[in-house]
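The structure appears below as structure tokens.
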Amino acid sequence: MSLSRREFVGVLAASMTAASCSFLPRLSAEQSPGTDYDYILTAEPTPIQLVSAGLTPAWCFGGSYPAPVLRARQGQKLRVLFRNRLPEATTIHWHGIRIDIAMDGVPYLTQPPIEPGAEFLYEFTPPDAGTFWYHPHMNSVEQLGKGLVGILIVDEAKPVAFDLDLPLALKTWHINEDGSFSPFSFPRNAARMGTPGSWETVNGQNKPVLEIPAGGLVRLRFANVDNTVIYKLAVKNHPAWVIAVDGNPVEKPYPLTSHEMGAGMRLDVALIAPQKAGEVIQVQNGKGKLFFDFVTLKTVGEPVRGERTIPVLPLNPIPQPDLASAESLDFVFEWEGAVTPANDHGEAHQMFWTINRRGWDHSSEQSIPEPLAKLQLGRSYIFNLRNVTPHTHPIHMHGYTWTVLESSQRKITPYHTDTVLVRRNEKVKVAFVADNPGRWMYHCHVIEHMKTGLMGYISVA
Ligand SMILES: [Cu+2]
């Protein structure tokens, strides 16, 4: 008898000891069948145990970290009743989803902030299947830094079978040895590559050992939910295939050698586990030229029955831009290195970065500038992203999926993404059809960069 993914997870959960059962991310939030929404999602202060020496005063979704993994079905409506139990206003942004502007979760631009004690019903129909994530879009350095980050999985319209589907949320924490928070940002880092956390976690655990079914087909869904860090993922001692990048299936799976993921980016990897129980597969993270063990996958149980092959996922229905008629627009990401004068309260405000010579920190309703560009609904566009700074920026566009066409530094096989890593002095060409009306955020996903200027928006009408 072979087990379905859910049965397998059930068996694993039942057979695990209390100490090891935190390995598996929870598969659902508080689900409300029969009501007019699918999930109730609450954000609230929640002390959590990241290190043994003490609790961390985190802010969590659903009362735990990792946050509940939300699941939707491609082409079917998802409803999430969000409740704000934080001491400050917030919103939820659904990263990578081609969504109605009213549900994009950007304060002032798409909705009023959700005040403490208030709630908001997010409802949308995801057109694409894949690995996505959700997070606030207010006071982001702190709100994301404190733990408000979660994975959203959109299952394929026609299910693709895996023996185990494992979401892996990658995040570093800015904490001291006793678990208390250390500063999320230092200006000197905000003006450079950002401030990484000191405690590296995968689903809230440092270097976890995760159980996988012997002989099983395993889907690893890596999501970089960190504020800053670029991960460079590799699998050391076992063949693994890239099946989707940033929520979008690749046309043909290819062997994973190493893959760089900036903040906000995702990677789906498939592998067939060794037949024998007790075997170990080492997932590694590269820093500079060296690779370090990061996640250990350990086979358990009787080998699954039947032959397993790496599946080719169905492609998402991303509209194909008409390059011949597309209008080209240039966006230059630059380092400004200015500290604006202190405000009335004597606080200095740092603005270090600009897009087309303009910085924006999106801190109030009054500060909304003109859009970086006004696009015509239905027309194709080419964006030339030019990074003239000495640092790498994961550039993210809301509401759209780009086709990446060219880079001045790398050979590109065109692929789809909502977040593209643009290296120092690199020029990347992306294209898309402006088929979704609204005012869409367009920013670097290094949170300190966006909050010190590297942010703007595009209007499509
Ligand atoms: Cu950046």
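A few comments on the model shown:
- Chain lengthening between His259 and Thr413 when straightened (0.36 nm per residue, less Cα-Cα): 54.0 nm
- Entry note, the chain: the mean residue ellipticity at 222 nm calculated from DSSP H runs of n ≥ 4, each adding -39500 (n - 2.57), is -1500 deg cm²/dmol after division by the residues and rounding to the nearest 500.
- Relative to the longest principal axis of the Cα atoms of the chain, helix 5-15 runs at roughly 70 degrees.
- In sequence order, calculated HN-Hα J values of segment 357-369 (Karplus, 6.51, -1.76, 1.60; Hz; x Gly/Pro): 6, 10, x, 8, 10, 6, 9, 7, 5, 6, 8, 6, x
- Exposure proxy ranking, count of Cβ atoms within 10 Å, fewest first, for Ile40, Ile395: Ile40, Ile395
- In order along segment 271-286, phi translates into HN-Hα couplings of 8, 9, 5, x, 5, 8, 6, x, 7, 10, 10, 9, 8, 10, 10, x Hz, rounded to whole numbers, per the Karplus curve 6.51 cos²θ - 1.76 cosθ + 1.60 with θ = phi - 60° and x for Gly and Pro.
- Taking segment 195-288 and dividing mean pair separation by its residue count, relative contact order in percent (alpha carbons under 8 Å, at least six apart): 37 percent
- q = 0.11, 0.21 Å⁻¹, segment 327-460: log10 I(q)/I(0) [Debye, one scatterer per Cα]: -0.39, -1.28
- Residues Lys451, Lys207 arranged by fewest to most Cβ contacts within 10 Å: Lys207, Lys451
- Normalised by 2.2 N^0.38 Å, with N the number of residues, the alpha-carbon radius of gyration of the chain equals 0.94.
- For the residue pairs Lys158/Lys207; Lys207/Lys451; Lys298/Lys429, alpha carbon separations beyond 32 Å are given by Lys158/Lys207; Lys298/Lys429.
- Most positive-pole-ward Cα, Asn139, Trp353, Pro371, against dipole of the chain from beta carbon charges: Trp353
- Segment 236-385 - Rg over Rh from alpha carbon coordinates, Kirkwood radius: 1.12
- Two-site label geometry, Ala118 and Asn206: point separation in nm, points 7 Å out along Cα→Cβ: 4.0 nm
- Considering only segment 46-174, percent of DSSP beta bridges that pair antiparallel, nearest 5: 80 percent
Here, each number is a calculation from the coordinates, and none is a lab measurement. Please read all numbers here as calculations on a predicted model, not as lab measurements. Every residue, glycine among them, receives a Cβ derived from its backbone with ideal geometry; neighbour counts consider all protein chains shown.
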